[in-house]
Every structure is written in structure tokens, then in C-alpha cells.
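First up is the structure itself, then whatever we jot down about it.
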Amino acid sequence: MGLVGIERLKGILGDENVKTDLADLYVYGSDASVHEALPWVVVRPHTIEDVQNIMRYANPRLIPVVARGAGSGMSGQAVPSKGGIVMDLKRMNKILEINLEDTYVRVEPGVVDDDLNRALKSHNVFYPPTPASSRIATIGGEIANNASGVRSVKYGAVRDSILGMKVVMANGDLINLGAKTRVEATGYQLDRLMVGSEGTLGIIVEATLKFVPIPKYRCMGIAKFNKLEDAGNAISEIMSSGINLSMLELMDNVAIKAVNQAQNLGLPDVEAILMFEADGMVKEGVDIEVKKMMESCKKHKGFGIELSYDAKERTRIFSGRKKLFPALSQFKEYYSCTSLADDMAVPYSKMAETAQKIHEIAKRNNVIMTAYGHCGSGCMHTKILMDTRKKSQWEDAKRAVFEIYEYVRSIGGTTSAEHGIGISKAPAFKREKSDSLNLMRAVKKAFDPNNILNPGKLMDAPDDWVTATSLRYRLDEKDMK
Amino acid sequence: MEFKRLKEWKDKLHVCIRCGYCYEHCHIFKITNWESDTPRGKLILLYALLHEEIEPTDYMANKIFECFNCGRCDASCSAKVPVTDIFTDVRADFIDGGFDVKGTLSHINEDLCSKCGICVSICKYEARTLDKEQNKIIIDKVKCRSCGGCEAACPSGAAYIEEGYMVSEKELLEQVQCYLGGK
Ligand SMILES: Cc1cc2nc3c(=O)[nH]c(=O)nc-3n(C[C@H](O)[C@H](O)[C@H](O)COP(=O)(O)OP(=O)(O)OC[C@H]3O[C@@H](n4cnc5c(N)ncnc54)[C@H](O)[C@@H]3O)c2cc1C
Ligand code: SF4
Ligand code: SF4
Ligand code: SF4
């Protein structure tokens with residue numbers, strides 16, 4: 001894309017909304033994943049028409065366009081692996097309508113999750129999917145990844161909070177998907193197809209979301225376990241006992257240590273802790289649910305159980321979990337916390353086994369791994385902690401990632417629970433979905449015949465994630481301590 | 001040019017997971033809304049500079065000097081990347097490298113300055129000195145934290161903070177007037 005192209009984009013958006021300096025390109029070339037690739041230009045639309053005009057410019061010229069929210073994705077979804085235009089949507093951040101009568105909210109895609117919930121709070125309602133990254137994650141990015149969060153066990157993932165959306169297609173056409181009503185059976189549910197599409201099918205320019213009342217009572221508990229296996233068994237029992245819980249989180253010892261080091265929270269140095277929560281409008285109901293969860297924990301040798309209805313105390317307990325990913329980087333000197341094999345979903349009955357398996361695989365491959373996650377929704381997070389400066393560690397990581405996904409598939413789990421596929425998880429995703437890849441490619445072709453929307457991701461990503469793009473970590477063994 | 005001080009932070013730069021949590025409250029980001037103006041963005045640039053993948057330019061140098069040292073980024077980072085300490089050191093590298101920067105720094109209008117030295121005594125970061133030989137106020141660009149204290153204290157209107165970041169006296173007044181319903 002030459003100077004003429006840049007001038008055209010400036011003509012569409014104004015000089016102040018187009019960046020071509022190498023410094024800017026560098027910054028927009030990475031996200032929270034291990035990948036890196038430079039775009040040719042970064043643009044910032046303010047309106048739907050801006051987005052349409054960018055697409056109308058790019059499509060006939062076969063210029064890749066990568067939508068970007070906060071760039072907090074962990075699998076390289078927003079990394080422009082084929083170059084092209086990065087479209088930063090953070091300036092389209094207006095809450096367009098809060099409709100209390102019909103219980104929906106209409107937002108632009110760049111609205112930050114926490115900002116939306118701050119606006120909804122004064123009406124005593126909330127938008128529940130809320131990932132741990134809600135302080136910066138945008139609604140567009142959340143939809144495109146089907147994000148979920150700690151309360152998804154009760155309220156569902158983003159896909160369960162979507163009523164409809166407006167999408168700009170690859171050729172610049174604007175389409176309306178879904179409806180504003182709670183139910184809809186009017187043909188193909190194309191709005192659902194956009195969920196988890198990772199910017200490969202269209203640009204989401206507006207979303208209609210449902211919200212729910214903020215429960216009057218929330219009670220959070222924490223239980224300690226001397227054996228990870230016991231915590232896993234407690235999860236399995238809680239989930240099969242019919243309790244309508246609103247949160248169930250696991251942290252293993254590596255995660256506990258990291259949070260304590262980073263935040264001085266004084267969490268107990270045990271093999272595992274479970275954090276659980278029930279919520280509701282009637283306190284007695286919440287009491288019953290919490291009591292049942294306590295009993296399950298105790299039955300599986302959980303001890304030191306503490307409960308709190310106090311909002312401040314709940315926030316304190318939970319703050320460690322919210323900042324766990326960055327905190328893990330503190331675990332061992334010169335080790336970085338890489339977002340790899342990070343968010344599988346496994347059947348409840350396999351939680352304990354998976355947690356153990358993760359540590360086994362880590363040991364075998366000379367890396368450190370942790371087991372934590374929104375276990376209530378079956379999500380098992382891990383991260384790979386390693387010395388990213390060493391070439392051999394990347395080979396170790398590659399083996400570990402492969403083994404983890406093979407295991408997860410063998411027990412009926414799935415590659416990604418909420419962080420999406422992008423580049424790093426594409427090899428495992430392709431193995432898991434081998435029988436529907438061609439259908440997915442046909443869908444992609446129908447939406448984006450010129451393959452300009454976030455090309456090189458999902459089914460079109462390379463089979464080796466290590467060499468798929470440059471790694472954003474530099475190998476550097478010369479003056480290593 | 002050599003980034004002598006930046007090199008000392010190599011390992012800390014490595015620890016950043018690029019989560020972006022540090023930019024949630026960053027005032028500079030809230031003003032410009034470009035990711036290259038976020039603390040995360042600047043750390044990415046420094047990482048590239050450190051590995052000699054990009055050449056330092058005035059544009060980059062200026063970005064690193066656009067910061068109010070509020071420390072919100074440090075407080076948000078659970079990976080404990082000492083963001084503002086890194087920025088302070090790399091600023092000194094840029095100054096040593098001969099870069100002329102404006103950033104969010106304070107300045108002096110020589111024509112208005114009466115050399116009273118009030119700004120020197122008000123600045124708690126010791127960023128201002130009165131050079132008796134040259135009879136002028138000297139500003140240390142590494143020490144200045146863009147707090148605006150000198151601008152508020154200067155009786156001659158000679159000390160001022162760079163405009164465009166909504167914190168200069170003029171811009172603050174405009175915002176207050178706007179809030180109170182004026183123009
Ligand atoms: C510390 C940390 C914790 C996290 N915790 C969670 C968690 O608990 N749960 C969870 O689900 N995720 C989590 N994530 C991952 C990530 O934050 C989420 O997936 C989030 O939804 C991404 O939003 P974003 O705005 O950053 O999107 P980006 O990273 O900018 O983009 C992600 C993808 O969405 C596409 N996209 C963005 N906007 C649009 C749009 N308007 N139209 C079409 N496509 C678009 C992009 O092209 C890209 O493919 C976490 C990340 C970090 C760094
Ligand atoms: S400096 Fe800290 S908060 Fe900022 S991106 Fe890096 S790890 Fe995250
Ligand atoms: S110290 Fe600087 S970079 Fe950090 S949040 Fe404040 S203004 Fe932003
Ligand atoms: S802006 Fe603040 S730190 Fe800078 S010279 Fe003035 S008083 Fe000192």
C-alpha cells in the first residue's frame with residue numbers, strides 16, 4: 001500500500017486518524033499473545049460510515065483489514081500477520097441507548113466492558129459475561145472472541161447476552177443481525193455466527209445486549225485443599241449437585257504463590273484453593289446454596305473455609321484472581337508468563353485429572369505450568385512460564401502445548417473456552433475441528449470472498465504456531481543470568 | 001545512540017505480558033486514545049529500541065516525555081514492571097542522545113520571566129534552577145514531572161505547561177467553565 005493509499009485513507013478519516021510512523025506500527029503489531037507482525041497503517045474510525053468507507057477502499061484492492069479493540073487477546077487474534085490495515089475501534093465508544101423497559105442496551109463496539117457496567121449500575125442492572133480483562137476489553141472484542149468470565153457459570157458467555165448487532169461486511173455493506181427482542185426464530189442466527197468470528201467475517205459496529213438485575217445478595221467463600229485432586233473432586237461434586245452457583249474458581253499452588261508475591265494478599269500456601277459464590281434476591285436462598293458448596297468442599301477435605309457477604313472483602317479476596325495473569329510473571333526470576341495452552345474447557349468430571357496432567361506435562365517438558373480458571377463453567381486455564389530468552393524453551397513449550405491439547409481432546413474437552421483461536425491455538429483447533437474446517441472455509445468465503453478480513457487466522461493459520469509470525473519475545477542467550 | 005540506562009531494565013521489560021492493564025487510567029491515553037501513547041505501547045517501543053530494531057526518532061522521544069508521572073500504571077501492573085522508573089531512565093538516555101523534546105514538560109517564556117525564582121522554590125522535584133551567570137531559569141527535562149506547580153505559582157505568567165493535554169491552566173479553566181455551564 002503506497003503513499004496514494006495512505007492519502008486516500010487520510011481523505012476518508014482525516015489526517016489525525018491515520019498513523020504510519022514505525023513507532024505506531026510497532027505498538028499495533030502485538031497484543032497479549034506471543035505473536036508479532038507489523039501492519040502497514042493504523043486507522044481510527046469514528047462512525048459506521050467511516051468503517052464502511054475503509055472497507056470499500058480495502059476490498060477491491062485486496063488489502064487485509066484487522067479489527068482491533070483493546071488488543072488484550074491472548075492468541076494473536078488482533079496481530080496483523082499478513083500486514084494491511086489495523087482498524088482501532090476504541091474511539092467508537094458511545095453507549096447509544098439504555099432501554100430499561102425492554103431490558104437491552106445498545107453500544108458501539110469500542111465501549112469498554114467496565115464502563116458499560118458502571119453506566120448500568122445506576123439502574124441496578126448489569127451485563128454479566130465480564131472477562132477478567134473487563135477494565136480494558138471492548139464489547140466488540142468480547143463478541144468476536146465469545147469472551148466469558150467468572151460468573152458465566154450462571155449467566156453464560158457473551159453469546160448468551162447478545163440480542164443483535166450491526167455488522168459492516170467486507171465490501172462495505174451494512175447488515176442488521178438478530179433482533180431487540182429476547183427471543184427470535186427468524187431464520188439463520190447469523191448474529192451467533194459473528195460470535196467468536198475473531199474479525200474474520202465482518203466488523204461489528206454496534207451491539208444490542210441484554211442485561212439482568214444486580215442480585216441483592218452475594219456471598220463468596222474460599223476453601224483450602226492440601227491436594228489439587230481433592231479440589232478437582234469438589235468441583236465435580238458441586239457442579240453435579242444442582243446448585244445454582246454464580247462462581248467457582250480454582251487456583252493451584254503456582255497461582256497462589258504468584259499472587260502472594262505480586263500482591264501480598266496472604267493467600268494460604270496450600271496445593272489449591274476454591275473460590276465460590278452464590279447470589280440472589282433472597283438471602284435465605286443464597287445461604288442454602290453456599291452451605292451446600294461448603295459441604296461439598298468439606299467432603300473432599302476442604303478446610304479453613306471463610307465466607308463473606310461484604311462487598312469490600314469479596315473484592316479483596318478476588319482481586320488476586322483478577323490480576324493473576326500478570327502476577328504469574330513474578331513467579332520466578334527471568335521467567336515470563338506466556339499465553340500458551342491457556343484456556344481449555346474440560347468436562348467437570350475430568351477437572352482433577354486435568355489439573356494433575358498439566359503439572360505432569362510441564363515437568364516432562366522443563367517448563368512451569370499452572371492450573372486455575374473458571375472451573376464452574378468447565379474452563380481450565382494454564383499458562384506456560386519459561387525463560388523466553390532461550391531457544392530451547394520454545395521447543396519445550398511447543399511440545400508441552402501439543403501434549404496438553406492431545407490430552408484435552410482425548411477426554412472430550414475443547415481447545416478454547418473463551419480466549420479464542422487466533423494463531424497460537426490454530427494447530428490444535430484444526431485437529432479438533434477437522435471435519436468442519438471446509439464448511440468454515442465456505443462460510444468465510446461467503447462473507448469475505450477476497451479474504452481481506454483478518455486473514456491467516458483460525459482455519460487459515462499456519463500449522464506451526466512458533467514460526468507462524470515473529471515471536472514478540474527476543475531470543476537472547478548471550479548475557480543471560 | 002546508546003540506551004545505557006534502558007539496558008539495565010532489560011529483564012524487567014521481558015516480564016511485561018502486554019496485558020494492557022496499565023493503560024486503564026493513563027491520562028495521556030485518555031487524551032489521545034492511541035495505543036502508542038499508552039504505557040504498554042511505550043514499553044513495546046522501548047523493547048524494540050533495546051533490541052536495536054528501530055532507530056530512535058524525535059517522534060518516539062517525544063512520546064516518552066508525554067507522561068504525568070501519576071504512577072497509575074505502576075499501581076495497575078501485577079507483573080511489577082516499574083513503568084515510571086523505566087521511563088525516567090530512558091528520558092535521561094534520550095537527553096544524553098541530544099534529543100530536543102517537548103512532551104508534557106513545563107517551559108519558560110524568557111520575555112515574561114522576571115527571574116524571581118519562585119518556581120525554583122515551589123518545584124518539589126528540584127527540576128528548576130536559577131542560573132545566576134546566565135541569569136535565566138534552567139529546566140531539567142528529566143526531573144520535571146509536569147505537575148504544573150510552577151505554572152500556578154509564577155506571578156509573571158512565564159512558567160507554563162505544554163498545551164494539548166487538558167492540564168494547562170488555560171485548559172483547566174476552560175473545562176471548569178464548561179462544567180459550570182459557561183462557554
Ligand atoms: C490479563 C488478561 C485476562 C483475561 N481474562 C479473560 C477472561 O477472563 N475471559 C475471557 O474471555 N478473556 C479474557 N482475556 C482475553 C481477552 O481480554 C478477551 O478475549 C477480550 O474479549 C478481548 O477483547 P479486546 O477488546 O481486547 O479485543 P482484541 O484483542 O483487540 O481483538 C480480539 C479479536 O476480536 C476482533 N475484534 C475486535 N473488535 C472487533 C469488532 N468490532 N468487530 C469484529 N471483530 C473485532 C479482532 O480482530 C481480534 O480477532 C484476558 C486477557 C488478558 C490480557
Ligand atoms: S506493564 Fe504491566 S500492566 Fe502494563 S502491559 Fe506490561 S504487564 Fe501489563
Ligand atoms: S505515569 Fe505516565 S504513563 Fe503511567 S499512567 Fe500516569 S501518565 Fe500514564
Ligand atoms: S511542572 Fe512541576 S515538576 Fe515540572 S518544573 Fe514545574 S513544578 Fe517542577
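The values are calculated or read from the model by the stated rules, or taken from the named source; none is laboratory data. Fair warning: this is a prediction, and the values are worked out from it, not measured in the lab. Note: ideal-geometry Cβ built from the backbone for every residue, glycine included; neighbour counts use all protein chains shown.
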Look through the range B:117-130, keep the residues that are exposed (fewer than 15 other Cβ atoms within 10 Å of the Cβ) and more than 20 Å from B:Ala92 (Cβ to Cβ), and return whichever of them is farthest from the chain's Cα centre (by Cα). B:Gly117
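Residues checked against (1) within 27 Å of A:Val42 (Cα to Cα); (2) more than 16 Å from ligand 2 (Cβ to nearest atom):
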residue	(1), (2)
B:Met1	no, yes
B:Lys4	no, yes
B:Thr38	yes, no
B:Pro56	yes, yes
B:Lys63	yes, no
B:Glu66	yes, yes
B:Ala75	no, no
B:Val90	yes, no
B:Lys102	yes, yes
Breaking point among (1) more than 7 Å from every other protein chain (Cβ to nearest Cβ); (2) more than 19 Å from A:Thr20 (Cα to Cα), for B:Asp58: (2)
Taking A:Ala137 and the conditions (1) closer than 18 Å to A:Phe211 by Cβ; (2) more than 16 Å from ligand 2 (Cβ to nearest atom), which numbered condition does it fall short on, given that it satisfies the others? (2)
Every listed condition ((1) at pLDDT 95 or above; (2) part of a helix (DSSP H, G or I)) holds for A:Gly232 save (1)
Quick count over the range A:331-348, residues being in contact with a strand residue (DSSP E or B) (Cβ under 6 Å, 6 or more places away or on another chain) and polar (S, T, N, Q), is 1
Just name the residue that is farthest from B:Ser168 (Cα to Cα) out of those in the range B:20-38 that are within 11 Å of another protein chain (Cβ to nearest Cβ) and in contact (Cβ under 8 Å) with a residue 40 or more places away in the chain. B:Tyr21
If you check B:Gly98, B:Gly182, which single one turns out to be small (Gly, Ala, Ser), away from ligand 1 (no atom under 16 Å from the Cβ), more than 15 Å from the chain's Cα centre (by Cα) and modelled with pLDDT of 95 or more? B:Gly98
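Residues that are more than 14 Å from every other protein chain (Cβ to nearest Cβ) and more than 30 Å from A:Glu395 (Cβ to Cβ), at least 3 per element: which helices (runs of 4 or more DSSP H) completely within the range A:1-67 meet that? Full working, then the answer.
Values: elements: A:3-13, A:22-27, A:48-58.
Counting at least 3 such residues, we get A:3-13, A:48-58.
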Would you check if there is a residue in the range B:69-90 being of a type in the set (Asp, Glu), within 14 Å of chain A (Cβ to nearest Cβ), surrounded by fewer than 20 Cβ atoms within 10 Å (Cβ to Cβ) and under 30 Å from A:Val259 (Cβ atoms)? yes
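Would you mind listing the helices (runs of 4 or more DSSP H) fully within the range A:261-334 where at least 2 residues are within 14 Å of chain B (Cβ to nearest Cβ) and within 26 Å of the chain's Cα centre (by Cα)?
Details: elements: A:283-299, A:311-322, A:324-328.
Ranges flagged: A:311-322, A:324-328.
Out of the helices (runs of 4 or more DSSP H) lying entirely within the range B:1-82, which hold 2 or more residues that are more than 12 Å from ligand 3 (Cβ to nearest atom)? Walk me through how you get there before you give the answer.
Details: elements: B:4-7, B:10-15, B:27-32, B:39-50, B:58-64, B:72-76.
In the range B:1-82, the matching helices (runs of 4 or more DSSP H) lie at B:4-7, B:10-15, B:39-50, B:58-64.
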Do we find a residue being within 16 Å of ligand 3 (Cβ to nearest atom), surrounded by 21 or more Cβ atoms within 10 Å (Cβ to Cβ) and touching a residue at least 60 places away in the same chain (Cβ under 8 Å) anywhere in the range A:129-141? yes
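Output the number of residues of the range B:131-149 satisfying the condition of being farther than 20 Å from B:Leu172 by Cβ, in a loop (DSSP other than H, G, I, E, B) and either within 16 Å of ligand 3 (Cβ to nearest atom) or under 16 Å from the mean Cα position of the chain (by Cα) (or both). Outline the logic, then answer.
From the range B:131-149, those farther than 20 Å from B:Leu172 by Cβ are B:131-143; that's our starting set.
Okay, now just the ones that are also in a loop (DSSP other than H, G, I, E, B), so B:132-135, B:140-143.
Still in the list and also either within 16 Å of ligand 3 (Cβ to nearest atom) or under 16 Å from the mean Cα position of the chain (by Cα) (or both): B:140-143.
The number of residues fulfilling the criteria is 4.
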